[in-house]
Amino acid sequence: MIDPHATFFKALSSRSRTAILRLLSQNGEMSVDELTAALELAGPTVSRHLQVLRQQELVAVRRDAQNRYYSVDTKQLEQRFQDFLEYLVESP
């Protein structure tokens, strides 16, 4: 069985992914091209990091014509941390 807390923190363990979350938090919504330019990473690399964050439901995506715009799902991020804190204090 896969530990959901472990996969959550694994998604946050990458410096690039935390940089993406920080940029999205500061700028609201950004496209892959904007993230690529800001992070100075290749587009496929940024897309892969976004995929990991999407799988954990930490970013939301909005499609506009041919572009996708990403934003932090703040409520989901807060809920995941809250769930982890509750897990720490619950009885075994």
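If R0 is taken as 30 Å, the Cβ-Cβ distance between Q26 and L88 corresponds to a FRET efficiency of 0.55.
Ranking A38, A65, V52 by how far each Cα lies toward the positive end of the dipole of segment 31-92 (charges on Cβ) leaves A65 at the top. The residues neighbouring F8, those whose beta-carbon lies less than 11 Å from its own, together hold a net charge of -1 under the Lys/Arg +1, Asp/Glu -1 convention. Between V61 and A37, residue separation times 0.36 nm minus the direct Cα-Cα distance comes to 6.8 nm. D33 sits among other residues whose Cβ lies under 13 Å from its own Cβ, and their net charge, with Lys and Arg +1 and Asp and Glu -1, is -3. Take every pair of alpha-carbon atoms less than 8 Å apart whose residues are at least six positions apart; their mean separation over the length of the chain yields a relative contact order of 28 percent. Per the Debye formula on identical point scatterers at the alpha carbon atoms of the chain, with no solvent, log10 I(q)/I(0) at q = 0.11, 0.20, 0.25 Å⁻¹ is -0.33, -0.93, -1.33.
Every number here is computed from the coordinates shown, using simple stated rules; none is lab data. What you see is a predicted model; the values in this text were computed from it and never measured. Reconstructed Cβ throughout: ideal geometry from the backbone, glycine too, with neighbour counts over all protein chains shown.
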